[in-house]
Amino acid sequence: MADFIFMLTRADRTIADAEARLPEVLAAGVRHIGFKDVGLPLAQLRKLASAIRAGGARLYLEVVSLDAASEEASARAAVELEVEVLMGGTRPEVALPILAGTGIRYYPFPGQILGHPSVLAGDIEDIVASARALLDRDGVHGLDLLAYRSAQEAPELMRRVCEAAGEKPVVVAGSLDCPERIEAAIAAGAAGFTVGTAALDGVFPGEKGLAAQLGIIEGVRARFSQGRQGK
C-alpha cells in the first residue's frame, strides 16, 4: 500500500509546537513522519528528529530551499539529523556528494520549483523529462512530486511521472486536502503521499482534531489501496 507520510508542517514550514504534537501522531499509529528544513532552528529539529526515531517512525526531511547554498545546508542537516529520506530540493549535484555513503534515500523534485510555499511550473512533458533525467543519476532513489501545486491536470501528471519512474518510488506531496486527491495519487501509482496542513487544520470530512483527521486519512489510504489490490 502507499505510505501515508504525515508532515509536522503548515504552509511549508515546520510548526512551532511540532515536538508537543508528536505523541498524538504516534499514538494514532502513524509511522512515517516528516518536517521541513525551515520553521524551527536546527537544535529543535535535532530534538524532534530524535523523538520521531524513538517513537519507532521512519523520518523524512523535505527541502524547500530556493538557492544552492541553502540546499547544501539542508543536505548537511539531513545527515546530522540522521533522516531516512531526504525529499525535495532541485540540485542533485549539490546534495548527492553530501549524502554519499550515508544510506539516506534521496527523492528530489522533478520540474521547475518556484516560490515558497513551493509550486511546480512547466508542462507535463517538461516535468516527465526532468523526472527521467533525475532518476538516471546514481544516488537518486525516487521523486517528490508536487502534482497538486501544478497548473497541469494532476491525475495525468502523476500517472506519467509514475510510469517514467518505473520501480522507483514517487511520493506525491503538497495540497492533498481531500480524500479524492489521495485516491487519485494511489490510483496513479504513487508509492506514498504527504499530508500536513490539511490534517492540522481539520479539513478532511468527519471529526475534527488531529488524531481523528489522521484516522480519516489512514482509512482512505487503506480502503482505496485494498480496492486497487483486489482488481
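The values are calculated or read from the model by the stated rules, or taken from the named source; none is laboratory data. Worth saying up front: this structure is predicted, and the values here are computed from it rather than measured. Cβ placement follows ideal geometry from the backbone for every residue including glycine, while neighbour counts extend to all protein chains displayed.
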Hey, can you tell me all the residues within segment 29-69 that are small (Gly, Ala, Ser), surrounded by fewer than 17 Cβ atoms within 10 Å (Cβ to Cβ) and closer than 25 Å to PRO117 by Cβ? ALA43, ALA68, ALA69
Please determine whether any residue of segment 150-158 is charged (D, E, K, R) and more than 14 Å from the chain's Cα centre (by Cα). yes
Residues GLY174, GLY202, GLY206: which one is small (Gly, Ala, Ser) and either touching a strand residue (DSSP E or B) at 6+ places or on another chain (Cβ under 8 Å) or crowded, with 19+ Cβ neighbours inside 10 Å (or both)? GLY174
Strands (runs of 3 or more DSSP E) lying entirely in segment 93-161 (those with 1 or more residues that are modelled with pLDDT under 95 and over 16 Å from ALA185 (Cα atoms)): 112-114, 119-121
Contacts under 6 angstrom Cβ, first residue in segment 76-93 being on the phi < 0 side of the Ramachandran plot, partner part of a helix (DSSP H, G or I) and among the acidic types (Asp, Glu), 6 or more apart: ARG91/GLU71
Within segment 180-229, of all residues that are within 16 Å of the chain's Cα centre (by Cα) and part of a loop (DSSP other than H, G, I, E, B), the one nearest to PHE35 (Cα to Cα) is GLY196
For segment 162-179, which residues satisfy the criterion of being of a type in the set (Asp, Glu), assigned to a loop (DSSP other than H, G, I, E, B) and more than 25 Å from THR14 (Cα to Cα)? GLU167
Do you know which residues across segment 16-45 are out of contact with any strand residue (DSSP E or B) (no Cβ under 6 Å at 6 or more places or on another chain), in a loop (DSSP other than H, G, I, E, B) and in contact (Cβ under 8 Å) with a residue 24 or more places away in the chain? ALA16, ALA28, GLY29, ARG31
Can you work out which of the residues in segment 58-79 that are more than 17 Å from VAL171 (Cα to Cα) and part of a loop (DSSP other than H, G, I, E, B) is modelled with the highest pLDDT? ASP67
